[in-house]
Each structure stands twice: as structure tokens, then as C-alpha cells.
Amino acid sequence: MFDSLSPAEIEALRLSLKVAAISVLASLPLGFGLAWLLARFEFPGKALLDALIHLPLVLPPVVIGYFLLVLFGRRGPIGAWLEETFGLVFAFRWTGAALACALMGLPLMVRAIRQSLESIDRRLESAAATLGAGRWAMLASITIPLCLPGILTGMLLSFARSLGEFGATITFVSNIPGETQTLPLAIYTFTQVPGGDTQAMRLCILSVILSLAALVLSEALVRRANRRIVGDAH
Amino acid sequence: MRIEIDLEKTLGAFTLKAAFSGDTAIIALFGRSGCGKSSILNLVAGLLRPQRGRIVIGERVLFDSASGIDVPAEKRRIGYVFQDGLLLPHLSVRQNLLYGRFFTPPAERWADVDRIVELLDLAPLLERRPHRLSGGEKQRVAIGRALLASPRLLLMDEPLASLDASRRGEILFYVERLRDEVGVPILYVSHEIGEVVRLAGHLVLLSDGAVAASGPVHELMSRIELRHLIGRYEGGAVIEAKVVAQDLGNGLARLAFSGGELLVPDVDALIGETLRVRVRARDVSIALSEPRDVSLLNCFRCRISEIGAEPGASVDVRVDIAGTPLLARITRHSAERLHLAPGKEVWAMVKAVSLDRHSVGYS
């Protein structure tokens, strides 16, 4: 059972990592922007925006997947426009899997970054302003470095969510080996065919190892970032 | 450099309406907590925006509601030393020091890194992180950081408040050093009158968001009607006097002022220097005839010019020593027993040991 990975398994693993990484990186600017908006500003509709961001956390993933299919499908209003304008297609492509994962991970990412932003002593930014730092310089030199632990935590949570994402992905982009069949989808497929138990178990163990590695790595990164800010004592 | 400030700002139920100007090296803003001192600094720095007013530093107008000028905080080039330092925790001391310098246009960088590092003895701290610094070290770095941005004006918000007594003396020493050697004007907020006398030439007394008085420190300190704002315990007249002799034998220095000579212990100054000596009112006694056979070293023949009117067991008596005012706080009982009244000639006595280090300012 523990011989080396088959090409199909490697393909599923590679795809899972690619989808998770791209979904995290692509949603980071949006996640940070939303967290910034929620942490720093009061505006009408703030509660509604907050609720909308959290929807993927509470809705059945199938519902999110179906909405994505309706909106971002090749004949959907956004999907059709994106294809016409940029030649960007989401439906039944790995990019669609990344989009589904990004959306599912967004609430986790926004929460982590927002919390971190809210814990920053705003007077540090005042101090930076008196030293001549304008809005963008301050963002780059004070705000982002100080909420780096939150950003890393948010990225990890979103990454982990992507690795485990199933319902929205299979609904939106189906289960195409080599294109949209990430690890959970591959496991599901093996459990549906007679005699696929061993292969399903192999992929399950792979999933566990992958998730553990991601957790350990991110914990180390967050601790390092924290140490830079508040010192070894903490 | 002349500083002109006129501000109006409503913060919740509190209204600040303060106008003052001055051109000494250090202008002190003094008042109880909640009187609006820190708000004034935040308004001058551009961190708060006045409803109405005008802020002029030298030739530069930073804010003028009449002509719609409002230079943003990051363009004002005003250094701000916060009460608790507010060093950037994710940067080393060196990076903190150079932070403001980076944003200063090269042509306007008058502050030299090596000189400021030397002035504040920062060399051993450069590679450390802020959380590894003591309170006094943090404050020194904060001062250095503000200076290296080459500011036109330095704001200091009770920079000693978060320090213990021994560190306070250390930072005071550095503030004096930068006042005398760097030449950047300083707006210094404090609620310790000792600090004010030691550092500042100009005093702005604040009360409930308004300026109660503004002028030279020695003038304001000898006004009876301002005594309740300065604090009766620590308050007292300030005499400007010149060192004429350092008697090394007994540790006393002789200081000359218009009304005579003052003997002060442990003065760390050269002959010819002018000092400000605060004589606490509670350390001054009054006698009707020239005292003999007493340990008191400083006795002055003087004339009573004013007796305070406030109720209570004690009264403030203002006497005039050939033009130099002095305040004495004595019991009402004594004042009545001696039949003290304005115009009466008396002797004022000051114990030399009451003129301690915290009472002498070097200018």
C-alpha cells in the first residue's frame, strides 16, 4: 500500500496544490481590502457586506457552486463577459476550481486579517504620519508588516479550506481528472468504484500529511512574524 | 523661530480655544490633565483638525482656516515625541531612527545621523529591537527619530511621564542638550512645574481648554492669581540670576540678581552663566526685623507688594526685592500676628538647601 505515488495520484496532488495556492494568492488582495474596509471604516451597508462575506461559511457548498455555475458559467452574465473581454473561462476548468476555493476561503481570510488590523495600535500610524509617511507608505511600512501574522493565518486558513473544498468545486466545475479533480474529488471517485478502497485510503493519508505540513509550516511562520513584532517573551 | 498658534476645536463636550505665540527655544504648555495640552499638540501636528484657527511656524503657514490652508500631517515636518515613545515594534532602533529621514526631502535634511546618535548616546542601541529597550532608552530613540526627520518644530508630550525618577533626570539632561546644541524649537507639554522651570523660557498656562496666561516663565511664576493653576505645593517665584562665584570649599555657588545675591548649593554651572532658580513659596519665611543667629543663608530686605485673597489657613504674600518679585506662603495666623500689609518693609528668608537640583534651570 505504501509504494510510490502513481502518476494519477501525483496529478491529483499537483492540481490540489496549484488550485489552493492560486486561490489563496488571487483572493489575498480582495481579502485584505475587505478586511481593511470592515476594520477601519463605518459605512451604510457594512453589516450586509459583512454578512455576505460570511455566507460561504454557513451556506451548503453546493449552493455556492450552483450560484457560481449560474453567474460564471459560459452563458452566465459574468462568465460570458469575462470570456468575451479577457478570454477567461472558469467553467469546467481548474481556474473555476480555484475561484470556488477562493470564495469558500474568503470569510476565513477576511476574519483573520480583520482581527489583526483591529489589534494594531493606530497611534503607531499617527507617529508614522508625523515622520512623513503618506497613506501608501504607511500601509506598506507599518500596517501590512504589523498585521502580517493575521495575513499569514488568513492565508493558511484559506489554503486549508481549499485543500478540503469539495461541494462547490464539484458543482461548479465537475470532476474532470487532470483538470478539476483535486484530492477530495479523487478520493470521492475511488470510493464510488468497486475495489477503490486502497487507493482512496492512500489519498486520504496523503491529505492528512499535506494538511499537517501546512499547519506546522504556517504555525512556524506566524510565530516568527509575531516574534519580530512583540519580542521573544510572547 | 517664532511660533504662532490659534486654535479652536470641539471634542465631544470639551471645547478647546487656545491662542499663544512665542519665540524661545522651549515653550512649555502646562496644566492639569484634561486641560487640552495633548490636544494642542495633536492639532499642531496635524493629527487632529481644528474647526478654526491658524498655525504658523517661522515663515510657514501650516494651517489657516481663513485661507483654507491645511498642510497634511505627513507634510508638516513637525517632530512628535509621544509620552510612551511609540517606536515601530517591527523595526530595529536603526530603522526607527532612519524612518522619518527617509521621507524627508534630501535638501531639507539638516539633522546629521552621526551627530544625533552621539548627542543622545544611541550607538550601543542601534541593532536592538524596541522591546529590548528600557523606558529611558525608548524615549531617547523616540527623540532621535523625531530629530532625524529634520523637523521645523519638535513636540514633546510629557516625555518623562512614563519614566522613573532617575531616568527622568537622564532624559531632562538630553532635552537640555538638544535645546542648547540643535536649535530646533520645542513645544513641551508637562504637568510638572519643576520640569518647566528647568527647561523652558516661555510658559503657556492652560486651564479648561483655554490659555490662562502666556509669557516668560519667571513673570508668570510670581503672579499670585496664577498660583492655583501652577500648584501651591511646587509653585514659587523664579529668579533669573547669574553665577558670580563657585565656592568650591563649601559646595555653594553665589548667584547675583537685581535684588542681591543668592547662595545655592550644588550648582553645576560656570561663572557667568545665567540660571533660573525657582524659590518655592512654601520655602520662604517672612520676618519683621533682620534675622540674626539663624542658619538661613538667604535673607533679603524687601517690601510687600500683594497679599493673596483666597480663603483658608494659608496666604500667599508677594514681596519685591528691589524689583525682583518673590512669593512666600505663610499661615494666615502669622500674617495677622505680624500685621503684614502691602507696602510694609520686611525680610524674606530662603533656606539654601530648599533650592535643590529640581529648582535650578540652565538657560
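Just so you know, all these numbers are worked out from the coordinates, no wet-lab data involved. The model shown is predicted, which means the values in this text are computed figures rather than measured ones. In this analysis, Cβ positions are derived from the backbone assuming ideal geometry, glycine residues included, and neighbour counts consider all displayed protein chains.
When the label point is put 7 Å from the Cα of B:E290 along its Cα-to-beta-carbon vector, which residues of the stretch B:242-273 have a backbone N closer than 18 Å? Once the point is set 7 Å along Cα→Cβ of B:E290, B:259-263 turn out to lie under 18 Å by backbone N, inside the stretch B:242-273. If you plug the beta carbon distance of A:F43 and B:K75 into 1/(1 + (r/R0)^6) with R0 = 25 Å, you get a FRET efficiency near 0.35.
Under the criterion of Cα pairs below 8 Å and six or more residues apart, the relative contact order for chain A equals 28 percent.
Taking every alpha-carbon pair under 8 Å whose residues sit at least 6 apart, the stretch B:3-221 reaches a relative contact order of 31 percent. As a rough footprinting exposure proxy, the listed residues B:S38, B:S258, A:S162 were ranked by other beta carbons within 10 Å of their own, and the order from fewest upward is B:S258, B:S38, A:S162. Computed over chain B, the per-residue total of -39500 (n - 2.57) for DSSP H runs of n ≥ 4 gives a 222 nm mean residue ellipticity of -6500 deg cm²/dmol, rounded to 500.
For B:K75, the lysines whose Cα falls under 22 Å of its own Cα, not counting residues fewer than eight places away in the same chain, are B:K9. Between the amide H of B:L203 and those of B:A28, B:G215, B:V217, distances stay under 5 Å, these residues lying 5 or more places away or on another chain, with hydrogens modeled in the peptide plane. Among B:S222, B:S21, B:S65, which one shows the highest mean-square fluctuation when chain B is modelled as a Gaussian network with alpha-carbon springs under 10 Å? It is B:S65. For B:K351, the lysines whose Cα comes closer than 30 Å to its Cα, not counting residues fewer than 8 places off in the same chain, are B:K242. Going by neighbour counts of Cβ atoms within 10 Å, the residues B:M156, A:M138 line up, fewest first, as A:M138, B:M156.
With contributions of -39500 (n - 2.57) from each DSSP H run of at least four residues, the per-residue ellipticity at 222 nm computed over chain A stands at -25000 deg cm²/dmol. When a/c reaches 1.5 or more, the comparison of a/b and b/c decides; with that in mind, is the stretch B:236-362 rounded, prolate or oblate per its Cα gyration tensor? Note, shape of the stretch B:236-362 comes out prolate. In nanometres, what is the gap between the two model label sites at A:R93 and B:R60, each 7 Å from Cα along Cα-to-Cβ? Taking the two extended label points, one gets 5.3 nm. Taking the number of Cβ atoms within 10 Å of each Cβ as an exposure proxy, the fewest-first ranking of A:E165, B:E181, B:E170 is B:E181, B:E170, A:E165. Shape verdict for the stretch B:1-86, please, from the Cα gyration tensor: rounded (a/c under 1.5), prolate (a/b greater than b/c) or oblate. Judged from the Cα gyration tensor, the stretch B:1-86 comes out rounded (a/c under 1.5).
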